[in-house]
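Nothing in this text is a laboratory measurement; each read-out follows from the coordinates by a stated rule. This one's a predicted model, so the numbers in the text were calculated from it and none came from an experiment. Every residue, glycine among them, receives a Cβ derived from its backbone with ideal geometry; neighbour counts consider all protein chains shown.
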Amino acid sequence: MMRCVSILFVVALALIGVAAPVAADSPITITSTRFVNNFRTSLSFQIDASSRAAQITRADLLVQVEGIPAIARVRGVFAPGTTTRATYEWNLYRDYLPPGATGQYWWEIQDAAGNQSRSSPQSFRVEDEAHAWKQAADSKLAVYWYMGADTLVATSTSDSTNVIGLFFAVMCALIALTSISLALIFRKRRARLSVFLLVALCAGALPLWVFRYLGEANSRGDARPIGFGQALFEHGINALAFLERDTGVTVERQIQVYVYGDRGDFFNALEPGAKEWTGGRAFPEYNVVLIDIAPSELEWGKGALAHELTHQVIHQKIRSPLGELSLPPLIDEGLAVYYESPGAPDPQRVIPLKRAIQNDALIPLRSLTKAFAADSTVATLSYAQSLSVVDFIFRRYGRDKMAQLLQVFKQGGLPDDVFVQVLGVNIDGLEVEWRKDIGAKPRAVPSRSLVTPTAFPTFSLSTEATPTPSR
Ligand SMILES: [Zn+2]
């Protein structure tokens, strides 16, 4: 099921590609094909072929990247001859593919006499070989990482409690030792008495701390050594299970997540021109997520990973054959935040909402069906409200209705029409109910958008970058 292995991509990938000609009676013989992954620079494709009949005049490479409907056909570079080697360098700076992207390639060879031959399709995979990746995977999710400890037992809270406990125990021991030394130096009865009292006190405190530590270790129940990457993987699996249960969507293609533990490494792996505040990048077409999680930010990273996974799964499910995503951010982001910490919502997420309720400063829900504002305060409130609305829909209307909403959004349509069809209220009606539920005042004035709408809604939420946490 799960495994943790260091992967020797170099060897595996260099050995791919021993091809046989499709047409056995063709005078063209294909000796070998070869693929070499030189991520981040290029992908090299190569073929050795010969013809008994005439000079080879054409060598076309065909590449089908998984998740992309079109097949790319490009001309190989070769020296004319009856025996030749053709090559093609796929420039990743120009045509970027992320690590984890996979596909198939084959060659079509033609000679001057008009004979043709095609090599059998071979698989290829793009890998970032700059790191010694470890892996945890099941059929739905693969997490790759290269930094972070292999064993982390305690969570950060109990870690700090233990540190405090240990600090007191050490302090007690130090005081006791100092007192004993002083008592020995001054040899006074009163000093001896106070030493006795101090030692007795510390003798009582130490077992108390040990007892507390053991109690905590027990209360953690299945406390077992768990590594950084494994912890991310298990959180991701958990989030996917909740998402599948609540919304009826299923993960059909394994999602691959590359966890970069270093910001420089992360940007070296991304496509050129990535925004500097990017903390995560999803490539829904390839089912790949690249995410920047420093080992010291595991807790934040778990939420960010689950957030991106939710977008991936929803996008897989909702994307129409035309590739358009009609799901409003209110629902898409709301679900993504909802599953960041499945079963235990992060209280931090609710703070902006509470403040906005108090100040009667909620953003009209209608505005949240369009792209979120770039302003960070408005954006933070937008996420908080979306989370709250999704939570409200689950509680008031039930899981089935959320599943239906997603189904209907897949078919496309205006948010108002979809909400009326599934929930029986339009967005304003939903807002009235939701405001009542969260204890907010009814909206006083008709909605005035806080967001300047763009002429063309070009956002693609599943590919939206996750802002980095403040460090
Ligand atoms: Zn998001």
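Overview of values
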read-out	value
Spherically averaged projected area in nm², based on the convex hull that wraps the Cα atoms of region 9-129	7.1 nm²
Note, ³J(HN,Hα) from phi for region 41-46, Karplus 6.51, -1.76, 1.60, rounded to Hz, x at Gly and Pro	8, 7, 10, 9, 10, 8
Nonlocal amide H pairs with TYR260, under 5 Å, H built at 1.01 Å	ILE291, ASP292, ILE293
Inter-part distance where region 219-291 and region 33-80 are each reduced to a Cα centre, Å	33 Å
Note, ³J(HN,Hα) from phi for region 397-409, Karplus 6.51, -1.76, 1.60, rounded to Hz, x at Gly and Pro	9, x, 4, 4, 5, 5, 4, 5, 4, 4, 4, 6, 4
Ranked list, fewest to most other Cβ atoms within 10 Å of each Cβ, for ILE351, ILE28	ILE351, ILE28
Amide proton proximity set for ARG58, modelled H, under 5 Å, gap of 5+	GLN110
Cβ-based charge dipole, region 9-129, positive-most Cα from VAL63, SER44, ILE28	ILE28
Residue exposure sequence - PHE242, PHE45 - by fewest surrounding Cβ within 10 Å	PHE242, PHE45
Region 84-99 - phi-based ³J(HN,Hα) in whole Hz, Karplus 6.51/-1.76/1.60, Gly and Pro as x	8, 10, 9, 9, 9, 9, 7, 7, 6, 6, 8, 10, 5, 10, x, x
Other-chain or far-sequence residues with amide H under 5 Å of GLY227's (modelled H)	LEU152
Cβ-based net charge around ARG94, under 13 Å, with every Lys or Arg adding one and every Asp or Glu removing one	-2
Proxy reagent accessibility, fewest Cβ within 10 Å first, across VAL408, VAL289	VAL408, VAL289
Sum of side-chain charges, PHE39 neighbourhood, beta-carbon under 11 Å (Lys, Arg +1; Asp, Glu -1)	-1
For region 9-129, size of Cβ-based charge dipole, Lys and Arg +1, Asp and Glu -1, in debye	200 debye
Qualifying trypsin sites (Lys or Arg not before Pro) for region 69-102 [loop in DSSP, other Cβ within 10 Å: at most 15]	ARG94
Dipole in debye (nearest 20) - region 284-353, about Cα centre, beta carbon charges: Lys, Arg +1; Asp, Glu -1	200 debye
Efficiency of FRET between GLU433 and ILE351 - r from beta-carbon atoms, R0 22 angstrom, step 0.05	0.45
